[in-house]
Amino acid sequence: MLSPATTATAAAFLSAAPASSSSTHRRRSRRAAISASLSSEEPLLIRAARGEDGLPRPPAWMMRQAGRYMASYQALSKRHPSFRERSETTDLIVEITLQPWHAFAPDGVILFSDILTPLPAIGVPFDISESKGPVIQSPVRTEEQVRELVPIDLDKLQFVGESLKILRNEIDGKAALLGFVGAPWTIATYVVEGGMTNTYTNIKRMCHTAPNVLRGLLSHLAEAISDYIIYQVNSGAQCIQIFDSWGGQLPPHVWEQWSKPYIRQIVAKIKTECPHIPLVLYINGNGGLLERMKDIGVDVIGLDWTVDMADGRRRVGDGISVQGNVDPAYLFSPLPVLTDEIHRVVKAAGPKGHILNLGHGVLQKTPEEAVAHFFDVTRSLRYDTLFQGHLTEELQPVA
């Protein structure tokens with residue numbers, strides 16, 4: 001699976017065709033606009049994640065913000081066809097991460113990486129096949145294999161730390177720098193199945209036939225992921241998103257037993273070691289899990305596009321911010337339709353504790369014009385006028 005930064009799957013511009021003067025002007029205007037929008041030393045996204053009052057508008061970023069829909073990424077990929085090279089080479093990570101920042105000036109800049117990137121550092125090598133995606137030659141399914149796993153060796157992930165340090169300097173406070181990790185269950189699906197799967201047969205069977213082996217694997221992953229988050233934070237990440245991408249493939253009561261405790265273990269450690277860092281939890285297909293997610297300890301819950309924003313906000317309850325949840329397919333719609341959908345989602349979320357995002361990652365072949373429009377519209381929003389107008393409509397007397 002490609003990362004949420006790509007996926008979401010990163011300090012130089014591509015040496016492809018030069019931008020036109022009008023394009024350059026638009027990009028500079030966007031960067032200037034975001035600078036003006038910050039009313040404190042902390043980025044708007046961090047303040048929204050914490051649920052602060054009095055923000056002028058919702059911050060916005062996109063999952064898979066950097067990646068295959070961008071012409072600049074496609075040009076770079078032709079020169080560097082290996083995904084592992086692109087996601088494990090500092091200069092390339094920085095360049096790819098900054099491509100959407102330079103083009104669209106989002107409020108959040110997420111590291112270009114992959115949720116499987118830390119696996120070799122715990123003793124699980126993997127390859128990426130153009131046709132099959134991630135491939136793990138020796139799936140971990142026995143107690144002996146779990147015992148052979150090693151504590152995470154952060155020296156093998158220096159390209160992540162170096163990239164985050166450079167990016168933090170490049171962004172210079174004008175946006176929040178996000179890191180990310182996969183949740184233990186989601187990472188375990190690859191480790192146990194040996195790659196991508198549509199059925200999750202082996203790992204689901206282990207829940208019943210080898211529960212102690214699976215618990216040992218998930219516990220090891222939770223400890224490694226916790227240390228990896230702390231490493232990202234110490235390297236400059238200001239917010240961390242946890243992707244339990246395949247948690248939604250479990251029945252809610254099974255997710256409660258086999259995924260939630262290990263996410264909670266991570267959150268507890270991060271809240272002790274890095275209490276100032278907001279944590280976002282995103283589960284694809286989380287409509288049946290929202291009530292079970294809200295006591296896990298994260299600051300923000302991401303809603304996918306199948307959840308009604310107003311209903312999701314109500315179900316999550318007070319004290320937790322929400323993220324999302326425009327359907328990525330709206331980016332293929334006429335721009336006025338996209339504008340209306342952005343307004344609808346923001347109104348449904350309310351004027352506090354909302355990070356505007358898609359309900360899933362940017363789709364391949366998404367028009368860059370639509371992505372630019374998404375962020376331009378977001379920057380034009382003002383809570384005071386948006387909700388005052390909405391309130392006025394509601395109070396209009398019926399003739």
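Taken together, the values in this text are just the output of simple stated rules run on the coordinates, not laboratory data. In this text, all values refer to a predicted model and were calculated from it rather than measured experimentally. A quick note on method: Cβ atoms are made from the backbone with ideal geometry, for glycine too, and the neighbour counts reach across all protein chains shown.
Hey, what D do you get for the chain in µm²/s if you plug the Kirkwood alpha-carbon radius into Stokes-Einstein at 37 °C and 0.692 mPa s?
154 µm²/s
Using modelled amide H (1.01 Å from N, peptide plane; none on Pro or chain starts), what sits under 5 Å from the amide H of GLY285, excluding residues fewer than 5 places away?
So GLY285 has HN proximity to ASP304.
Taking other Cβ within 10 Å of each residue's Cβ, how do VAL233, VAL124, VAL254 sort, fewest first?
VAL254, VAL233, VAL124
For the stretch 326-368, state which trypsin sites (Lys or Arg not before Pro) are in a DSSP loop and have at most 13 other beta carbons lying within 10 Å of their beta carbon.
Of the trypsin sites (Lys or Arg not before Pro), the ones in loops of the stretch 326-368 whose Cβ has at most 13 other Cβ atoms within 10 Å are LYS365.
Within 12 Å, Cβ to Cβ, of ARG86, how many net charges do the neighbouring residues add up to if Lys/Arg are +1 and Asp/Glu are -1?
-1
So for the chain, taking the charge dipole from beta-carbon charges (+1 Lys/Arg, -1 Asp/Glu), which of ILE263, GLY353, PRO120 sits furthest toward the positive end?
The residue sitting most towards the positive pole is GLY353.
Give, rounded to the nearest 20 debye, the magnitude of the charge dipole that the stretch 129-223 has about its Cα centre when Lys and Arg contribute +1 at Cβ and Asp and Glu contribute -1 at Cβ.
340 debye
Any idea what the relative contact order of the stretch 111-223 is, in percent, if you count C-alpha pairs under 8 Å spaced at least 6 apart?
33 percent
Would you please give the residues with an amide H less than 5 Å from that of ALA176, counting only those at least 5 places away or on a separate chain, with H modeled from the backbone geometry?
When sequence neighbours closer than 5 places are left aside, the close amide H contacts are LEU45, GLY108, VAL109.
Going by how many other Cβ atoms sit within 10 Å of their own, how do THR90, THR201 line up, fewest first?
The fewest-first ordering by Cβ neighbours comes to THR201, THR90.
To check you understand DSSP bridge types, tell me what percent of the beta bridges within the chain (both residues inside) are antiparallel, rounded to 5.
Here the antiparallel bridges make up roughly 15 percent for the chain.
Report relative contact order for the stretch 58-381 in percent, whole number only (criteria: Cα-Cα under 8 Å, sequence separation at least 6).
Reported as a whole number, the value is 19 percent.
Residues with amide H under 5 Å of GLY353's amide H, sequence separation 5 or more or different chain, H placed in the peptide plane at 1.01 Å from N; which?
GLY51, GLU52
For the stretch 76-140, which trypsin sites (Lys or Arg not before Pro) are in a loop by DSSP, counting at most 11 other Cβ atoms within 10 Å?
When the trypsin sites (Lys or Arg not before Pro) of the stretch 76-140 are filtered for loop state and at most 11 Cβ neighbours within 10 Å, LYS132 remain.
Could you tell me which of ILE301, PRO334, VAL371 has its Cα farthest along the dipole of the stretch 247-385 towards the positive end, charges placed at Cβ (Lys, Arg +1; Asp, Glu -1), taken about the Cα centre?
Sorting the options by dipole projection puts first ILE301.
Quick one: order HIS80, HIS354, HIS208 by neighbouring beta-carbon count within 10 Å, fewest to most.
Going from sparsest to densest Cβ surroundings: HIS208, HIS80, HIS354.
Leaving out same-chain residues fewer than 8 places away, which lysines sit with a Cα under 16 Å from that of LYS269?
Hits, sequence-local ones excluded: LYS260.
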